[in-house]
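The values are calculated or read from the model by the stated rules, or taken from the named source; none is laboratory data. Bear in mind the structure is a predicted one, so any value in this text is a computation, not a measurement. Because the Cβ atoms are built from the backbone with ideal geometry, glycine has one as well, and the counts that use them run over all protein chains shown.
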Amino acid sequence: MELNHYIRLIEEELLPYIQLTTESPFDPILVRNQSKSWKLIGNGNYAAVFVHDANPDLVVKVYGRNVEEIKKEKQVYERLGKHEAYSTLYAYSDNYLVLKKLSGITLFNALVKGVRIPESVINDIDHGLDFARKKGLNPFDIHGKNVVMDNGRGYIVDISDFYKEGYCSKWNDLKKAYYRIYKPFIYKFHPPIPFAVVDSVRKGYRIYKRTKRKSSIFLNKIKQDF
């Protein structure tokens with residue numbers, strides 16, 4: 001399918017038939033999809049991702065909030081260039097991106113379904129993040145819901161925050177949990193873990209990090225005042 005035709009399908013058969021709403025900053029956006037030809041395959045804190053049977057090798061990422069960030073994500077893809085750990089940007093608009101589809105299961109869903117996460121996946125992500133740093137980017141907000149694995153290889157599906165400054169510990173925290181808890185105690189037998197349990201850990205981690213960040217800011221202010 002030609003790219004222009006694909007974009008026409010987005011404009012005519014997808015965008016008029018979806019609603020993206022938000023209820024909490026800690027939860028993914030809510031998606032109401034009434035399109036008959038587009039399938040929702042994922043939703044995160046800022047956007048939802050759809051695929052069309054006519055071209056299963058492409059996806060469209062539609063922003064549901066912070067739409068102004070789409071320009072920054074486009075710039076990140078342009079600076080990043082091509083690497084096997086990342087998708088490729090083919091087209092963009094004011095509220096969506098057209099990307100190469102990265103097949104696989106997220107690390108979050110692998111825990112829920114009891115699918116083993118091999119160490120090769122962790123290594124692939126590390127190599128991909130090192131590549132981004134060499135391109136002058138700052139890998140940010142890498143966690144179990146925006147990393148996928150397929151046939152033992154790891155891929156990063158969301159680079160929208162790579163333009164941000166500062167240090168983000170999420171990937172290093174995930175690696176610590178992988179080597180200290182997952183690999184020695186879960187990997188060998190890996191029973192399915194209830195969604196509610198995994199999601200509670202995710203939410204608890206986000207709240208903990210946010211509280212810790214606010215506490216650090218408060219303590220620094222006190223030090224400055226004295």
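Structural remarks
- Lys101 vs. criteria surrounded by fewer than 15 Cβ atoms within 10 Å (Cβ to Cβ) and modelled with pLDDT of 95 or more: no
- Considering Tyr178, Tyr92, the condition of being in the same structural domain as Ile10 (by TED's automatic domain parsing) and crowded, with 16+ Cβ neighbours inside 10 Å is satisfied by Tyr92 alone.
- Those strands (runs of 3 or more DSSP E) of the stretch 5-77 in which 1 or more residues are of a type in the set (Lys, Arg) and surrounded by fewer than 19 Cβ atoms within 10 Å (Cβ to Cβ) occupy 30-33, 38-43.
- Count of residues meeting criterion [among the small types (Gly, Ala, Ser) and either within 17 Å of the chain's Cα centre (by Cα) or surrounded by 15 or more Cβ atoms within 10 Å (Cβ to Cβ) (or both)] in the stretch 113-145: 3
- Some residue of the stretch 2-24 being touching a Gly at 6+ places or on another chain (Cβ under 6 Å) and of a type in the set (A, V, I, L, M, F, W, C): yes
- Among residues of the stretch 93-106 that are on the phi > 0 side of the Ramachandran plot, those with a Cβ under 7 angstrom from a residue that is of a type outside the set (Asp, Glu) and in a strand (DSSP E or B), sequence gap 6+ or separate chain, pair up as Gly104/Val148; Gly104/Met149; Gly104/Tyr155.
- Top-ranked residue in the stretch 146-162 [being touching a helix residue (DSSP H, G or I) at 6+ places or on another chain (Cβ under 6 Å) and crowded, with 19+ Cβ neighbours inside 10 Å; ranked as nearest to His83 (Cα to Cα)]: Ile156
- From the list Arg79, Arg32, the lone residue that is of a type in the set (Lys, Arg) and over 27 Å from Ser120 (Cα atoms) is Arg32.
- Any hit, the stretch 70-92, residues being at pLDDT below 95, small (Gly, Ala, Ser) and in contact with a strand residue (DSSP E or B) (Cβ under 7 Å, 6 or more places away or on another chain): no
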